[in-house]
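Notes for the one structure printed next.
The numbers here are math on the coordinates, done by the rules we state, and not lab data. Just so you know, these numbers come straight off a predicted model, no measurement behind them. Using ideal geometry, Cβ is built from the backbone for each residue, glycine included, and neighbour counts are taken over all protein chains shown.
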Amino acid sequence: MLAKKLTINGVVGGVLTLVAAGFFIWTYSMRLRPMELFVPRIALGLIMLGGVLVILKEFVKPEIGDRLSKAFILPYAIGVSLMMWLYGWAFRNIGLITATAIGLSAWWIWVAVRDARRTKSTKGLTLRIIKLVVLAIVVAVVVQLLFVNLLGMYMPSTLFP
Amino acid sequence: MSRNKLFILMLIMFLSLALIIGCGGDNGDEAVADPDEADVDLDDEEEDDDSDDDAAQEDVEIDIVVGFGAGGSNDLSARYLAQALSDYGITANVINMPGGMGTEAAYHVSNQSPDANMFMWGSGLIMLFEPAAGDRGFTIHDFEPVATIAGPTFALAAKAGVPYETLEELITYIEENPGEVVLGGQGEGNSMHFIVEKILPPDELDYTYVGLAGGADVALNLTGGHVDLGHLSLAAARPLHQDGDLTVLVNTQALVERDPLMPEIPNVIEFGIDARETHSPLALFAPQGTDEGLKQRISEAMEQIAQDEDFIQSYQDLGVIAHYLNTDETWDFFMDIEENLIPEFEAWLDSNY
Amino acid sequence: MFNFDMEAARIAFTTVFALDTALFIMIGIVVGITVGAIPGLAHSLPIALVLPFSFILPIHQTMGLLIGTYQGGTYGGSITAISFGTPGTSGAAATVADGYALTQQGKGKKALQMGLYASVIGGMFGSLVLIFLVVPIGMMAPRFGPGELTALYILALSLVVVFSTENPGKGILSAGIGFFLAIIGRDIITGGLRFTFGLRYMQAGFPLVPLLMGFFALPEIIKQIHWVIKDPESVGKIGDDDVDLMKKKEEGLTFKELLQSWRGITIGSILGTFLGALPGPGATLASYTSYSVNSQITNDPKYGKGSLEGVAAAESANNATCGATFIPLLTFGIPGSSIAALLMAALIMEGIPVGPRVVVDHTVVVYILFMLMLIANPFNLLFGKLLIPVFTRLTKIPASVLWPIIMVFLVIGTYAYNSRPFDIIICILAGLIGYFYKWYKLPDGPLILAFLVTPLFEASFRQALTIARGNYMYFLGSGISQVIWLITIGSIFLFLKKRKKITAASK
């Protein structure tokens, strides 16, 4: 009976409550003054309260609980985050124009080739890729002009432009 | 099929064009203010250390990193300096890297290679007091001084309508009315708070210290009468003083006694209290190993600039005193703080926090 | 203190209504809108960039440029918020919910136009209040000390309740996370390190701009990239011939729809002006407050899911703060926000000592500022109108092309904000939190409100307690505090009563 009512919704609420409770206990061993810990404790208390309310709701009125998407997007979330981080690293260490142009064209070429495979028509693929690479370079140049030349963004010196 | 693509391309072109046209005007103007294209091969300069006269003719580009956001007096003092340096063939770009009371910026500069031509717009607060309060990833010994040029003046001011107008009257008043006076300072547990407690030691005088968010916050709370005393910059206090919204009691300038901005305001040292704000004078620092010739050239230019009437006036409007200390004097000044004041500050921190 | 000076007004008029001033305002507006529309790129950046011009340009040109950039940028943020669900500036975050929903329903053009008109009306209102009420409102600002501000921020936090009605557990959870994110980093008063986990970079905490950008933009990027890979048919492939779609004309906003949103615009303009005049809150809090207050009185059943009134409430509020920001600056020489500090710096560099006497000693300059504020609005309208068709078309670019470009701008813009590489990681972390929020169906309003108000609330609360030496009665000490407390209690009571009625009716 209990197992049936234990939904993902409730489990996540429970996990958040536990994490917050852990932090809450941790605050008592911190070398900070009570005043500095006043609001953090309110925050953690609220998270615990919210988590408990979510679990309670699952037990009391499970029929109106939120339906969480089962689509498995997490790998994409991690992938996109990694790409962003990688790009953030690349444009500061390799070069703004180079990193942007290479990054964008790599992605677009991959999508274009994938599309071509899927539709099984390679007609005009080369032309399309050339156009996309040109577009990537244009975007890279626009970014360089806008951020570095116009807004004077601070850039560490890099190997390539 | 390609029409769509073409359209996107044209759109992007149009947008970039609009940008270039829209901002192109700015860029042109900027070139007048601070010529971006003055890129010169700096390696030449490093080699001929002794032929300073030749090197001085060449233009050089440097970055001055400011540890606070654009617009404050710390930032503006750097911008005035950068502007003045351009007359000496030194193109200085001011880069703002706010965060952690300027320590983020100092940490960044301390990690730069000596030939990056990057300098830190540092004060005792950033270079000495912050690293003393906790690990900030750098110490002053990661840097070499170039020169000191600016000394912001801070002051203690009382709200309108209180029965004391001098520091002595204030101290008497606190003694006679314990627990009544509220003093608003800029933050708590930092060097500003430390200085205030040196002027008014809390173990002798019973008053309340409250850490407000910053100079503007102090001014606002004083005008609104929420605090009785405030610790803020003289430049912020002066117009309010003239308008009768508050009374400036004493200044804490470390480089000179009286600030020409308000010469009638006495320095705290005149009362026999050495609580001058040695953490506030601003100096240019370079990462360890920076070319001596370049440092000397900038230092000499700063010496000239510090005597320029317009420059002195601009600084004065900011509440900053233009006061030059050369490389050695600067180092001595900072080392004096490190030897004498920092241990006291650390002890104060340990006993209070 | 401040009497109308005809001669000064005449001089100011002839200075402002000249071709060169108009040109500089125009440049400012175009730069502002463009930069404001780029996600991650705060419009304080171009203002800082323009600052050195104060050394060489006369005051009406510099200030024209700055005010144009400020007003344009504040509006520009809404464009990307509506078109791509990615707020261009933090002040436009409240616009995302309704604006982006409208775009997805194919009513993007209407939403963009509503954003523009509401911005211009709000901006106009803020400017007029600045001109006519600068002294009375300016006198009010210092009366808000720590005690009064604490009461005010608790009133703002009570709005969290409003957001949490559907599911109280999740609303509280969301607010708690917002509180927690806000306290990470250095303590605002003492500088003590809280929850930095020993990481040096965490000392700066979660800065507002990277947090908001990541929170709103990244989940959308993830969703779109997921579609591109999983279901390419649905997003239109690169080079696909969807010219028809582009040619299809979208309906614009009708005058009737504009009039129907009068509540949102009125509330937004008034709250925006009020909160803008206080040092601290700023455009983001103003637009969120206005948006949630309006949600209580609107008749629009689609509020929060694609309502023009929602866009109007948020957008009029953030532009109304533009004029109001000047109020404490001109009455006391105290800058209430980072942008006000920049404008003050520009004035100082022009040789105008900003302080309580500036309206008397430099009446002409003050009039010039007033007139620039006023005429920046029509220019904003003009250029906004020109740019709307461009942006409505941009939304129809295939996802596989568009979103990587947005990602590039997001990453670089986040970095450019403070030149701090770690901000990119903050942005990504915030994005993952945002993604979790979407998946777990947590309401985002409580998080943003709590995140914005917490530092302000915490500082005032602790300062008040220090001043009062621990006496809690201090919070009821002044008339202003008492009124605010009454409003807080009254509004929660009214809200609960209304809520009960609705649940009773639905049963």
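Per-structure values
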{"quantity": "Nonlocal amide H pairs with B:Val250, under 5 Å, H built at 1.01 Å", "calculated": "B:Leu156"}
{"quantity": "Nonlocal amide H pairs with B:Phe119, under 5 Å, H built at 1.01 Å", "calculated": "B:Asp63, B:Ile64, B:Val65"}
{"quantity": "Beta bridges by DSSP in the protein assembly as shown, antiparallel share as percent, to the nearest 5", "calculated": "60 percent"}
{"quantity": "Global form of chain A, assessed from the alpha-carbon gyration tensor, a/c cut-off 1.5", "calculated": "oblate"}
{"quantity": "Under-5 Å amide H pairs with B:Ile321, H placed in peptide plane, nonlocal only", "calculated": "B:Gly151, B:Thr153"}
{"quantity": "Inter-part distance where the stretch A:7-42 and the stretch C:477-498 are each reduced to a Cα centre, Å", "calculated": "30 Å"}
{"quantity": "Estimated FRET transfer efficiency when R0 is 30 angstrom, pair A:Leu18-C:Asn299 (beta carbons, to 0.05)", "calculated": "0.10"}
{"quantity": "³J(HN,Hα), Karplus 6.51/-1.76/1.60, whole Hz, each residue of the stretch B:316-329, x for Gly, Pro", "calculated": "4, 4, 7, x, 10, 8, 7, 9, 8, 10, 6, 3, 5, 4"}
{"quantity": "Prolate/oblate/rounded call for chain C, Cα gyration tensor, a/c under 1.5 rounded", "calculated": "rounded"}
{"quantity": "Over 28 Å (Cα to Cα) - which of C:Lys230/C:Lys302; A:Lys57/C:Lys230; C:Lys396/C:Lys438; A:Lys120/C:Lys441; A:Lys123/C:Lys230 fall in this group", "calculated": "C:Lys230/C:Lys302; A:Lys57/C:Lys230; A:Lys120/C:Lys441"}
{"quantity": "Gyration tensor (alpha-carbon) shape descriptor, the stretch B:154-271, a/c threshold 1.5", "calculated": "rounded"}
{"quantity": "Exposure rule at most 10 other beta-carbon atoms within 10 Å, DSSP loop chymotrypsin sites (Phe, Trp or Tyr not before Pro): chain C longest free segment", "calculated": "C:198-507"}
{"quantity": "Full-extension gain in nm, A:Leu68 to A:Leu159, via 0.36 nm per residue minus C-alpha separation", "calculated": "28.1 nm"}
{"quantity": "Order of B:Ser77, C:Ser78 - criterion: other Cβ atoms within 10 Å of each residue's Cβ, fewest first", "calculated": "B:Ser77, C:Ser78"}
{"quantity": "Pairwise label distance in nanometres, B:Ser351 with B:Asp206, each label 7 Å out on the Cα-Cβ vector", "calculated": "2.0 nm"}
{"quantity": "HN-Hα J in Hz across the stretch B:70-77 - Karplus 6.51, -1.76, 1.60, θ = phi - 60°, x for Gly and Pro", "calculated": "5, x, x, 6, 4, 5, 5, 5"}
{"quantity": "Segment C:Phe255-C:Asn471, length gained on full extension (0.36 nm per residue, minus Cα span)", "calculated": "72.3 nm"}
{"quantity": "Label-point separation in nm, C:Asp5 to C:Arg499, each point 7 Å along Cα→Cβ", "calculated": "5.4 nm"}
{"quantity": "Cα→Cβ-extended label distance, 7 Å offset, between B:Glu58 and A:Phe38, nm", "calculated": "6.0 nm"}
{"quantity": "Length released on extending from C:Phe436 to C:Leu386, taking residue separation times 0.36 nm less the Cα-Cα span", "calculated": "14.3 nm"}
{"quantity": "Net dipole in debye of chain A [+1 Lys, Arg Cβ; -1 Asp, Glu Cβ; about Cα centre; nearest 20]", "calculated": "540 debye"}
{"quantity": "Calculated FRET efficiency for the pair C:Glu166/C:Val135, C-beta based, R₀ 51 Å, to 0.05", "calculated": "0.70"}
